[in-house]
Structures are given as structure tokens and as C-alpha cells.
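Structure first, commentary second.
The values are calculated or read from the model by the stated rules, or taken from the named source; none is laboratory data. Predicted model, so just to flag it, every value in this text is computed and none were measured. Neighbour counts are summed over all protein chains in view; Cβ atoms, including those assigned to glycine, are modelled from backbone coordinates with ideal geometry.
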Amino acid sequence: MNEIWMPHAGHFCGASLCRFRLNTYVNGYIISTVGEYVSGNRTKFEEIGLNRLYETMVFEAVKSNHKCCPYEINLDKEVDFEGYNDAESATKGHYDMIKKWKDV
């Protein structure tokens, strides 16, 4: 099956305050990358975790009833993770995770 790109952040409680969001379904998994978090200080990005401004998490997916996104994250089934500190690395990391989990 090809990737399904979904129009919102897949994980992170502060995702609505992240300016960088990628969310992709592939082969039974959802790869979610977020970053550029701007909660209180609107002039610089805040860390979303220890020593990182961006992160990718991979979760098992479950069927959804939402029309925009046919799958959603099973938050109890995180299977992979990577952190980054710039948008270029986060974008590359997202695509790398798609490749990694595409053939699992």
C-alpha cells in the first residue's frame, strides 16, 4: 500500500502549537513528526523534549471513522523514535522512517 499523508499532527499534546507537522500512514503504522513548538515565547522555538526541537514517533495504526484520516495512532503502541534540532533533519528523518517501516 502507498503512503497516506494526513493533514494534522499525529502525536504530541502541544501539536496545535507546533508549526512543523508531518503525519503519514504506511503499512499499518503512523509516522508522526512535529517541531517548531511556540507555546509561551513566540520569538523562538521551544524544546518538545530533552535537547530536541523536533521529533518523529512511530506508532501502530488503527482504523478510524474520520473521513480526513482513515487511520489513527494507537498511543499504547509506540515502536520507534528519533529526535532532531533542525527542520532539514526532521524532514529527512520522517522520510527515513517511512522507508524503514514501509517493508516491515
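Just a few scattered comments:
- Considering each residue of segment 63-72 in turn, none proves to be over 19 Å from N2 (Cβ atoms), free of Cβ contacts under 8 Å to residues at least 60 places away in the same chain and assigned to a strand (DSSP E or B).
- Residue selected from segment 1-53 under the condition farther than 22 Å from Y95 by Cβ and of a type in the set (S, T, Y), by the criterion surrounded by the fewest Cβ atoms within 10 Å (Cβ to Cβ): T43
- Matching residues in segment 54-81 - criterion: being surrounded by fewer than 19 Cβ atoms within 10 Å (Cβ to Cβ), modelled with pLDDT of 95 or more and of a type outside the set (A, V, I, L, M, F, W, C): E60, D80
- Residue tally, condition in a loop (DSSP other than H, G, I, E, B), of a type outside the set (A, V, I, L, M), in contact with an Asp or Glu (Cβ under 7 Å, 6 or more places away or on another chain) and more than 15 Å from K99 (Cα to Cα), over segment 15-46: 2
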